[in-house]
């Protein structure tokens, strides 16, 4: 896949109290669980906790907000397909499930993201990707539309769409952003250099890419993955 760089979870049902600085961190447990499964579709990781999703709705959870953990458990119990989970360092979170099901708490408070999510939900759009950070930036990707909090980000997505085809997935942090298209990807801001090397050499036709500090994860729709979670 091409790149353009711009400068400027088997089911595990427990919540751990591991913290970032411990010798055996929650990341180690999460990594070991992913390796035990041999498959993982997506992750959501912060400085202090995280979630991994595999198969239809299997999960691993470590030190995340209690209401988020409860929603994941309920979706699993009810047999819903968990598409993705978004979690920020300040505990803001969102779950995408089935075609356009959504649960969230604490997402950007100016209501623009919530308004747009409800609009797409009422249109029964298949929601492919939602991402946001703790600064109020956000992006939504559906089967037929994409929207962003900032016109510059939107123009950047449009440029990628014209060059690489349909946008599949976007991941946004406080420091950087990566967008994945049918035939390539683009980044903006601070993204780990080691991720570029892996994306440019992998045989995985990646659908979702996540990064968090110097750590990263990517996977295709079947859960084939690569990561450097340590």
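Readers should treat all values here as calculations from the given coordinates under stated rules, not as data from a laboratory. Here the structure is a predicted model, which means the values were calculated and not measured. Here Cβ is always computed from backbone atoms with ideal geometry, including for glycine, and neighbour counts include all displayed protein chains.
Structure data summary
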read-out	value
Region 2-227: mean projected area of Cα convex hull, nm²	11.6 nm²
Theoretical ellipticity at 222 nm over the chain - DSSP helices of four or more residues, -39500 (n - 2.57) apiece, nearest 500	-8000 deg cm²/dmol
Highest-first arrangement of 75-86, 141-152, where packing means the average Cβ count within 10 Å	75-86, 141-152
Fewest-first sequence of 194, 39, 203, 129 by Cβ atoms within 10 Å of each Cβ	203, 194, 39, 129
Gained length - residue 114 relative to residue 154, 0.36 nm times residue gap less alpha-carbon distance	12.7 nm
Spin-label pair residue 196/residue 73, simplified geometry with 7 Å Cα→Cβ offset, distance in nm	4.4 nm
Part-to-part distance (alpha-carbon centres) for region 172-230 and region 123-159, which is given in Å	17 Å
